[in-house]
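So the structure is just underneath, and the comments pick up after that.
The values are calculated or read from the model by the stated rules, or taken from the named source; none is laboratory data. Since the structure is predicted, the reported quantities are computational estimates derived from the model, not experimental observations. Glycine gets a Cβ as well: all are built from the backbone with ideal geometry, and neighbour counts include every protein chain shown.
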Amino acid sequence: MLNDEICKKRDELNKSIENNDDYDKIYKISVELDELIAKYYMEKSSYEGIEEEKVEQRERRRQRKEEKVEQRERRRQRKEKK
């Protein structure tokens, strides 16, 4: 999972810093971590977009059901008047 990869990369970066590794190595790990984090947020926002769409679909279905109930009630009332 992406969260696990981020944690491992962050640990790797921290160890590299603690060990006073070469700047280029630390920078490379830092960039890799940034890319993983960016990927995480892109996937998360994509997922949230899907969830929002599902909520909107449910709301439209609910509205259609309400409209059908209202139509049935109006028909029933018209029949009663006859």
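Brief remarks on what is shown
- Among the candidates 50, 29, residue that is touching a Lys or Arg at 6+ places or on another chain (Cβ under 9 Å), in a helix (DSSP H, G or I) and of a type outside the set (Ser, Thr, Tyr): 29
- Criterion: outside any helix (DSSP H, G or I) and at pLDDT 90 or above - qualifying residue of 11, 21, 4: 21
- Of all positions in the range 3-11, at least one carries a residue that is in contact with a Phe, Trp or Tyr (Cβ under 8 Å, 6 or more places away or on another chain) and either surrounded by 12 or more Cβ atoms within 10 Å (Cβ to Cβ) or not hydroxyl-bearing (Ser, Thr, Tyr) (or both).
- Contact map, the range 29-46: residues that are under 22 Å from residue 18 (Cβ atoms) paired with residues that are among the acidic types (Asp, Glu), Cβ distance under 6 Å, separation 6+ or inter-chain. Pairs shown: 29/12; 36/5.
- Residues in the range 32-44 that are exposed (fewer than 11 other Cβ atoms within 10 Å of the Cβ) and of a type in the set (Val, Ile, Thr): 0 in all.
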